[in-house]
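Visitor: Pasting a structure below so you can have a look.
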Amino acid sequence: MNEQDAKIRVERLRELINDYRYHYHVLNESIMSEAAADSLKHELTQLETDYPELITADSPSQRVAGEPLPGFKQVVHSSRMLSLNDVFDETEIAAWRERIGKLLPKDAAIEYFTDIKMDGLACALIYQDGALVSGITRGDGYVGEDVTANIRTIESLPLRLRDVKNYDTFLHGRTEVRGEILMYKADFNKLNAQKALMGKPLFANPRNTAAGTIRQLDPKLVASRPLHFRAYDLIRDDSREVSTYDFAYQAMHALGFLTNREAKVLKDVKSVMQYANSWEKKRLKLPFNTDGLVIKVNDRELYSRLGVAGKAPRGAVALKYQAEQATTKVKNIFVSIGRTGAATPVAMLEPVVIAGSTVQMATLHNESEVARKDIRVGDTVIVHKAGDIIPEVVEPLTKLRDGHEKVFVMPTHCPECNTKLVKYKTEDVIWRCPNNACPSRAWKRIEHFASKAALDIEGLGEKNVIALINAGLVKDIADIFMLKANDLLKLERFADVSANKLVKSIQNKKNPQLNRFIYGLGIRHIGIQTATDIANSFRSLETASAATIDSLEAIEGVGGIVAESIVEWFNEPRNQKLLAKFKQLGVWPEAVKTVGGPLSGQRFAITGSLENMSREQGAERIRALGGTFQSAVGKDTDYLVVGANVGASKLTKATKFGTKQITETELLKLLKS
């Protein structure tokens with residue numbers, strides 16, 4: 001990228017980031033996730049680092065955020081409320097350590113005060129002789145809004161400082177305490193559930209809800225919503241009275257403030273990273289949202305000596321955890337053919353790290369979705385990945401377009417076998433390759449058959465399956481049971497140990513559970529729960545294969561389209577030959593001996609992440625005891641298992657339908673009963 005291109009990109013990034021900041025900090029609404037905004041800010045910072053002549057005083061990288069809202073008295077802060085520069089890994093922390101080391105005496109002993117970064121509204125509380133006199137939002141860092149009447153309603157915030165031995169100094173003169181006003185996740189979910197019952201629009205996220213609440217002009221409304229204040233800084237006119245951040249936390253806690261008890265003093269960068277890694281998953285259990293850690297030089301005198309660079313102090317950084325959203329560019333859009341023949345547009349992306357893994361492709365679902373979101377080749381897009389979900393494009397950032405983007409046009413023929421694609425008009429337009437012998441459909445059927453939810457054959461992933469097909473060793477899912485170690489040794493991917501291991505893994509699955517086998521057949525519209533319902537209803541593959549549409553529709557949850565798909569699959573001569581081939585090879589699923597269990601008749605759904613098992617493992621254990629696992633909450637759902645980092649959708653429905661909400665611990669008790 002030359003300087004002229006960089007200048008154009010920087011200008012577009014600044015415009016979009018400023019627009020995001022205005023909506024997020026001033027209007028209290030979000031036009032994109034914070035993770036996506038962080039990704040854009042990081043790109044802007046990198047470009048300004050590479051081209052320092054492009055830095056301007058009004059760049060988003062040179063300011064904090066947000067102008068004071070009208071309706072509140074504006075107050076000048078005693079000292080600027082700064083935000084922090086972001087770092088993303090150990091290399092960047094080490095680089096920060098090296099920079100500050102050059103600015104301090106060589107013999108300076110640097111300790112790091114490390115704390116959980118809170119996602120709330122920053123606020124400064126002013127106490128005079130121990131009594132609260134004012135509360136001021138951060139505003140633009142220099143001038144904030146006087147929200148004293150509102151913050152007084154927060155019960156976790158002391159109206160008078162506690163008189164405690166060794167800390168009575170802070171009860172005399174001016175004491176300033178800075179912290180975050182938060183709405184806890186559980187309170188946010190309850191608030192949204194109540195709004196859903198009343199048919200009102202839901203709040204976007206806890207941070208915006210807390211910010212919007214504290215800026216209400218009616219303190220009674222503020223008092224009706226559960227807010228919390230957690231302190232992170234203590235300021236006195238004589239800075240020598242607060243020697244370290246560790247001491248500040250001890251003092252604030254003693255004076256009556258909530259502080260993060262997880263905060264810790266660490267000696268070196270390695271210890272900081274160990275601490276960070278230990279909290280990456282545990283943070284989901286915290287009552288508030290967080291996307292990282294705050295790392296500060298613990299010694300306040302050294303911290304002050306380091307000064308400020310632009311918008312941020314040199315003595316502190318924010319370590320951001322790997323985001324579930326980021327921005328990148330669409331290099332191309334191609335069509336992938338699935339095991340059922342569905343032709344799915346897929347975006348080829350410039351590599352970007354999301355949730356700990358490098359993402360280079362993301363599904364675009366179907367032609368209708370591409371048109372609805374207006375995703376084009378060359379677009380800068382927000383990409384999302386939550387847990388194990390396949391990466392997908394959330395939206396294009398149209399304000400960054402430069403006119404070179406190209407509209408995607410669906411091909412008329414299959415890119416794998418050149419068969420003319422057939423168009424199906426459902427709710428969305430779906431294209432399919434009708435050729436059952438299409439090479440792409442073949443390997444994906446085998447990969448699906450060997451997947452964890454189906455037969456769970458270790459070692460039979462995408463690359464090995466493609467290698468076996470290309471070598472002519474397998475043509476269908478039954479052929480894998482004919483493989484011998486000597487066959488595999490002819491391929492570059494296998495040696496003695498790996499070849500024997502794969503063959504043994506395959507042979508161990510010759511008599512799988514009936515529901516797994518039915519699911520593994522890859523019948524259209526059949527998920528693992530439907531396969532389980534069919535297995536429990538018909539008990540054997542022979543009976544299931546002879547089922548009629550009427551008998552299938554009698555199963556709760558199986559409608560006409562699903563029933564027709566099942567009957568059509570078993571009546572297809574090609575599939576009948578496949579089942580006969582399985583039987584000849586001694587491959588046949590076990591008949592279901594019993595349908596009942598301690599959870600028989602009980603229906604479960606799960607929201608959020610579980611600590612002791614994945615959602616798939618939880619569903620499997622529920623089914624094993626006779627229960628029914630549902631992917632969504634319905635009127636008939638008995639239990640909603642609430643994990644960490646939950647969304648509002650399932651909780652709202654559970655409240656609406658009166659579904660009992662239980663914790664993972666309560667689920668484990670039911671599974672052991």
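The values are calculated or read from the model by the stated rules, or taken from the named source; none is laboratory data. All of these numbers come straight from a predicted model, not from anything done at the bench. Cβ coordinates were reconstructed from backbone atoms using ideal geometry, including for glycine residues, and neighbour counts include every protein chain displayed.
Visitor: Testing Ala326 on (1) touching a Lys or Arg at 6+ places or on another chain (Cβ under 8 Å); (2) farther than 30 Å from Ala442 by Cβ; (3) of a type in the set (A, V, I, L, M, F, W, C); (4) buried (at least 16 other Cβ atoms within 10 Å of the Cβ), one condition comes back false. Which one is that?
Guide: The one condition Ala326 does not meet is (1).
Yes/no per residue for (1) in contact (Cβ under 8 Å) with a residue 24 or more places away in the chain; (2) of a type in the set (Asp, Glu):
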| residue | (1), (2) |
| --- | --- |
| Arg305 | yes, no |
| Gly310 | yes, no |
| Val317 | yes, no |
| Gln325 | yes, no |
| Ala347 | yes, no |
| Thr358 | no, no |
| Glu367 | yes, yes |
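Visitor: Out of the residues in segment 253-266 that are modelled with pLDDT under 95 and not polar (S, T, N, Q), state the one that is surrounded by the fewest Cβ atoms within 10 Å (Cβ to Cβ).
Guide: Arg261
Visitor: What number of residues in segment 409-426 are assigned to a loop (DSSP other than H, G, I, E, B), hydroxyl-bearing (Ser, Thr, Tyr) and surrounded by fewer than 16 Cβ atoms within 10 Å (Cβ to Cβ)?
Guide: Qualifying residue count for the region: 2.
Visitor: Which count do you get for residues in segment 96-115 that are closer than 23 Å to Ser79 by Cα and outside any loop (DSSP other than H, G, I, E, B)?
Guide: Of the residues in that region, 6 qualify.
For (1) within 25 Å of Ala371 (Cα to Cα); (2) surrounded by 14 or more Cβ atoms within 10 Å (Cβ to Cβ); (3) under 29 Å from the mean Cα position of the chain (by Cα), each residue gets a yes or a no:
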residue: Ile430; (1), (2), (3): yes, yes, yes
residue: Pro434; (1), (2), (3): yes, no, no
residue: Ala437; (1), (2), (3): no, no, no
residue: Arg441; (1), (2), (3): no, yes, no
residue: Lys444; (1), (2), (3): no, yes, yes
residue: Glu447; (1), (2), (3): no, yes, yes
residue: Glu462; (1), (2), (3): no, no, yes
residue: Val465; (1), (2), (3): no, yes, no
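Visitor: Quick one: Leu286 ticks every box in (1) crowded, with 18+ Cβ neighbours inside 10 Å; (2) in contact with a strand residue (DSSP E or B) (Cβ under 8 Å, 6 or more places away or on another chain) bar one, so which box is it?
Guide: Going through (1) crowded, with 18+ Cβ neighbours inside 10 Å; (2) in contact with a strand residue (DSSP E or B) (Cβ under 8 Å, 6 or more places away or on another chain) one by one, Leu286 breaks only (1).
Visitor: Residues that are more than 30 Å from Leu521 (Cα to Cα), aliphatic (A, V, I, L, M) and at pLDDT below 90: find the strands (runs of 3 or more DSSP E) completely inside segment 289-406 holding 2 or more of those.
Guide: Answer list for segment 289-406: 342-354.
Visitor: For residues in segment 183-221 being part of a helix (DSSP H, G or I) and over 30 Å from the mean Cα position of the chain (by Cα), which is surrounded by the fewest Cβ atoms within 10 Å (Cβ to Cβ)?
Guide: Lys220
Visitor: Could you say which residue among Glu590, Glu564, Glu572, Glu556 is acidic (Asp, Glu) and outside the structural domain of Ile528 (by TED's automatic domain parsing)?
Guide: Glu590
Visitor: While we're on this one: What pairs come out if I take residues in segment 6-24 that are free of Cβ contacts under 8 Å to residues at least 12 places away in the same chain and farther than 19 Å from Leu54 by Cβ and pair them with residues that are outside any helix (DSSP H, G or I) and charged (D, E, K, R) whose C-beta lies under 7 Å away, six or more apart or interchain?
Guide: His23/Glu29
Visitor: Specify which of the listed residues (Ile622, Ile606, Ile534, Ile561) is in a strand (DSSP E or B) and of a type in the set (A, V, I, L, M).
Guide: On the way: Ile622 fails: in a strand (DSSP E or B); Ile534 fails: in a strand (DSSP E or B); Ile561 fails: in a strand (DSSP E or B).
Residue meeting the stated conditions: Ile606.
Visitor: Hey, does segment 545-556 have a residue that's in a helix (DSSP H, G or I), in contact with a Leu (Cβ under 8 Å, 6 or more places away or on another chain) and of a type in the set (Gly, Ala, Ser)?
Guide: yes
Visitor: Does Asp246 qualify as being in a strand (DSSP E or B), assigned by TED's automatic domain parsing to the domain that holds Pro105 and either among the hydrophobic types (A, V, I, L, M, F, W, C) or out of contact with any Ser or Thr (no Cβ under 9 Å at 6 or more places or on another chain) (or both)?
Guide: Criteria not met by Asp246.
Visitor: Something else now. Considering only residues that are in a loop (DSSP other than H, G, I, E, B) and more than 24 Å from Lys185 (Cα to Cα), which ones fall in segment 253-288? Break it down stepwise before answering.
Guide: Of the residues in segment 253-288, the ones in a loop (DSSP other than H, G, I, E, B) are 256-257, 259-263, 267-268, 286-288.
Hits for segment 253-288 are Lys267, Asp268.
Visitor: Determine, yes or no, whether Arg445 is more than 18 Å from Gly586 (Cα to Cα) and either at pLDDT below 90 or small (Gly, Ala, Ser) (or both).
Guide: Spelling it out, it is not the case that Arg445 is more than 18 Å from Gly586 (Cα to Cα) and either at pLDDT below 90 or small (Gly, Ala, Ser) (or both).
Visitor: Tell me the residue from Gly130, Gly120 that is at pLDDT below 95 and closer than 18 Å to Met183 by Cβ, please. Write out each step before concluding.
Guide: Values: Gly130 fails: closer than 18 Å to Met183 by Cβ.
The conditions single out Gly120.
Visitor: Here is a follow-up. For residues that are under 22 Å from Gly658 (Cβ atoms) and charged (D, E, K, R), tally how many sit in segment 186-224.
Guide: 4
Visitor: Separate question: Suppose the filter is modelled with pLDDT of 90 or more, of a type in the set (A, V, I, L, M, F, W, C) and touching a Lys or Arg at 6+ places or on another chain (Cβ under 8 Å); does Phe203 pass it?
Guide: In short, no.
Residues checked against (1) within 23 Å of Arg339 (Cβ to Cβ); (2) in contact (Cβ under 8 Å) with a residue 24 or more places away in the chain:
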{"site": "Ala547", "(1), (2)": "yes, no"}
{"site": "Glu553", "(1), (2)": "no, no"}
{"site": "Ala563", "(1), (2)": "yes, no"}
{"site": "Lys577", "(1), (2)": "yes, no"}
{"site": "Gly586", "(1), (2)": "no, yes"}
{"site": "Pro589", "(1), (2)": "yes, yes"}
{"site": "Pro598", "(1), (2)": "no, yes"}
{"site": "Ala605", "(1), (2)": "no, yes"}
{"site": "Gly627", "(1), (2)": "no, yes"}
